[in-house]
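Data first, discussion second: the structure below is written as structure tokens.
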Amino acid sequence: MEDKTKALIEKMEKERGFSQPWRNYLADRDPEFMELYHKTAMHVFHKNGALPLKFKEIISVCLDAFTFYERGFRIHVRNALKAGATEQEIVEALEVCTLMGIHNMSISLPALAEEVEKFKKEEK
């Protein structure tokens with residue numbers, strides 16, 4: 001492993017508090033891309049903007065929950081709690097996302113009904 005790649009991986013682990021195999025892979029194969037990606041992520045989470053860090057982490061919790069990314073979900077729950085979020089805030093955010101996710105059913109159920117009808121007609 002080149003010195004630049006090793007330094008980048010160490011920097012990402014230090015600043016993010018953890019490492020992921022895919023990041024290490026990209027750092028080795030395309031360190032410039034991974035460095036830009038890392039800088040962008042750090043900027044988004046840690047710039048002094050309109051949203052406090054705890055809100056950014058709660059958003060990440062919800063996105064990971066609804067994309068079934070358990071490892072990220074757990075990481076962002078811990079980060080949200082460290083940033084001052086309460087368990088109740090996280091639960092309420094997940095409840096809001098669940099309500100918004102009901103749209104999936106409004107799209108999925110009509111498609112399901114159509115496919116069942118097509119299947120029934122094809123079997124006859």
Query raised in the report: Hey, got the dipole for the stretch 25-121? About the Cα centre, +1 on K and R Cβ, -1 on D and E Cβ, debye to the nearest 20?
Result: 60 debye
Report summary line: Taking N as the number of residues in the stretch 1-47, the ratio of its alpha carbon radius of gyration to 2.2 N^0.38 Å works out to 1.04
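To the nearest 20 Debye, how big is the dipole of the stretch 1-47 about its Cα centre, given +1 on the beta carbon of each Lys and Arg and -1 on that of each Asp and Glu? Working shown, then result.
Working: 9 positive and 9 negative charges, 47 e Å.
With only Lys, Arg, Asp and Glu charged at Cβ, the dipole is about 220 debye.
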Report task. For the chain, with a Gaussian network of springs between Cα atoms less than 10 Å apart, report the residue from F33, F55, F66 with the top mean-square fluctuation. Result -> F33
Query raised in the report: Which lysines have a Cα lying under 21 Å from the Cα of K6, excluding residues fewer than 8 positions away in the same chain?
Result: K14, K39
Query raised in the report: Relative contact order (percent) for the chain, with alpha-carbon contacts under 8 angstrom and 6 or more residues of separation?
Result: 15 percent
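Roughly how large, in nm² to one decimal, is the mean projection of the convex hull of the alpha-carbon atoms in the chain?
That works out to 11.4 nm², a quarter of the Cα hull's surface.
Treat the count of other C-beta atoms within 10 Å as a stand-in for reagent exposure and order C62, C97 from fewest to most. Display every interim value, and only then the final one.
Details: C62 21, C97 16.
Starting with the residue having the fewest Cβ neighbours, the order is C97, C62.
Ranked by Cβ crowding within 10 angstrom, fewest neighbours first, how are S106, S60 ordered?
Details: S106 8, S60 20.
Least to most surrounded, the residues fall as S106, S60.
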Query raised in the report: With all pairs of different alpha carbon atoms counted, what Kirkwood hydrodynamic radius in Å does the stretch 52-105 show?
Result: 10.9 Å
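Read-outs: derived from the displayed coordinates by stated rules, not from any lab. These figures come from a predicted structure and were not determined experimentally. Positions of Cβ are backbone-derived with ideal geometry, glycine not excepted, and every protein chain shown enters the neighbour counts.
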